[in-house]
Structure formats: C-alpha cells, structure tokens
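The values are calculated or read from the model by the stated rules, or taken from the named source; none is laboratory data. Please read all numbers here as calculations on a predicted model, not as lab measurements. In this analysis, Cβ positions are derived from the backbone assuming ideal geometry, glycine residues included, and neighbour counts consider all displayed protein chains.
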Amino acid sequence: MRHLLTLMEYKPHEVEYLLRMSRDFKTRYLAGEVYTPLFPGRIVVLYFEKPSTRTRLSLSAAAAQLGMQPMTTSPNELQMGRGETVADTMRVISRYAAAVAARVYKHETLEEMARHSSIPVINALSDRHHPLQALADALTLWERSGRLHSVKVAFVGDVANNVATSLAIIGAKLGWEVRLVGPKQLWSMKLIDELSEDLAKTGARIYFTDSINEAAGVDGVYTDV
C-alpha cells in the first residue's frame, strides 16, 4: 500500500508511469471506448475541510469512471466536528473504503491520517503540497507541447506556495526546466537541496529568480492566486 501525500516519495519512472496511464485512460475515454472498470463496487471517501469546485468534481468523476463509488464528506458531517480524533476516524474509514482523498488546511493532518490508515491516503491539497494539480498540469503541458520531458515552464508569483512547490517537484522528476519567478524572501533553497538527487538523475533545472523576463521563452507560464 502506498500513499500519495507528495510527489517527493515517487521515483521519476513512477511519475512517468502515472502520466502515461492517465493519458491512455483519457484517450480511450474521449474516443468513446467502453472499458472494464478497474475498481468495480469499491468506495473512495472524498474528505474536504475546504471548499472545492474542480478538485471535488474531477475526483468524483474519475472515481465513477473507474467503477468506484465516491462518498464526499467534511469534518462537520463526521464526529471529528465534535472532537473525535483523526486516528479513530481513519480506523473507521479504513473499514469501509478502498482509499481516501483529502483536501485539508494543514499538511500535518494528512500525515496523521496516513499513519492511522490501512488504505491509501491521497493529497487533494494541503498548505504545503498539491500533487494532483501538478500531475494534471504535467499532462496538459505534455498534450500541448508534445513533450513529456525537456519542458520549460515559469511559475510567477508566490513561489513558496503549495502549487509552485509541487510544480518544482514534478519538474525535477521529469527533467524539466522550472523557473520560479518571485520575491527573494519567498525563495526556498531547501527545496532545491531536497530535489538534488532527482536533478542529477534527470538533468532537470529548477531555479529561483526575481526577473520577470525569465517568464519568456517557455512552454507555459503558470501562476496561482
């Protein structure tokens, strides 16, 4: 069993596998192909501490297309709203569901959920990481540029936020050049250090800059508010 809390824990070939599988599913779906659901009758719990439109709808649709039944809930709909612990809640959810995707305020909540879960926990957004967004964006860039590797992308704005961090991580896994354009006080050299092994392995280049000119000459310009 594996969780998906961040893409840090996944090797480059595993990230590539996820993207190739996603593209295959999408191509077959758009072609109207009828395929056997992978997880017929299984339940996935979608747990949302925060409001969501795209993430909630896309996860529900994806679960249904894979043959799963999504069950969406929030803290106020569970006993957690009355003080029940994350540990007890995850033990209960693990008895009924095959997986749980959670959108939370604090990344530590996800880590605690994973510690007490016997089913995979998927990060649908936390304050530090947004791996599903990074995977979706990588697939879009692949479709638009025609390249899975050697992509150049610039992120402009809050380069310390969860989306920028996850974009840098997936870029390191896929051999991209990721230019993180923002104020110097938001730069994280720790992130670059943590990605050093992947950078050496894939030839990726991830760097911070405060020059808006670095947003030119790339395959995609990204920002998040």
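Among the helices (runs of 4 or more DSSP H) lying completely within segment 1-120, list those that include at least 3 residues that are within 19 Å of the chain's Cα centre (by Cα), more than 19 Å from V163 (Cα to Cα) and not aromatic (F, W, Y).
The helices (runs of 4 or more DSSP H) meeting that bar are 12-30, 54-65, 107-115.
Would you mind telling me which numbered condition in (1) of a type in the set (S, T, N, Q); (2) at positive phi; (3) crowded, with 17+ Cβ neighbours inside 10 Å N162 fails?
Every condition holds for N162 apart from (2).
Within segment 96-104, can one find any residue that is touching a Lys or Arg at 6+ places or on another chain (Cβ under 7 Å) and modelled with pLDDT of 95 or more?
Checking segment 96-104: at least one residue is touching a Lys or Arg at 6+ places or on another chain (Cβ under 7 Å) and modelled with pLDDT of 95 or more.
Which ranges mark the strands (runs of 3 or more DSSP E) fully within segment 121-225 that have 2 or more residues being closer than 22 Å to A102 by Cβ?
Per the criteria, 121-125.
Please indicate, with yes or no, whether at least one residue in segment 77-98 is of a type outside the set (V, I, T), buried (at least 17 other Cβ atoms within 10 Å of the Cβ), touching a residue at least 60 places away in the same chain (Cβ under 8 Å) and under 19 Å from H116 (Cα atoms).
No, segment 77-98 contains no residue that is of a type outside the set (V, I, T), buried (at least 17 other Cβ atoms within 10 Å of the Cβ), touching a residue at least 60 places away in the same chain (Cβ under 8 Å) and under 19 Å from H116 (Cα atoms).
Looking at segment 174-186, can you tell me whether even one residue there is at negative phi and either of a type in the set (D, E) or in contact (Cβ under 8 Å) with a residue 60 or more places away in the chain (or both)?
yes
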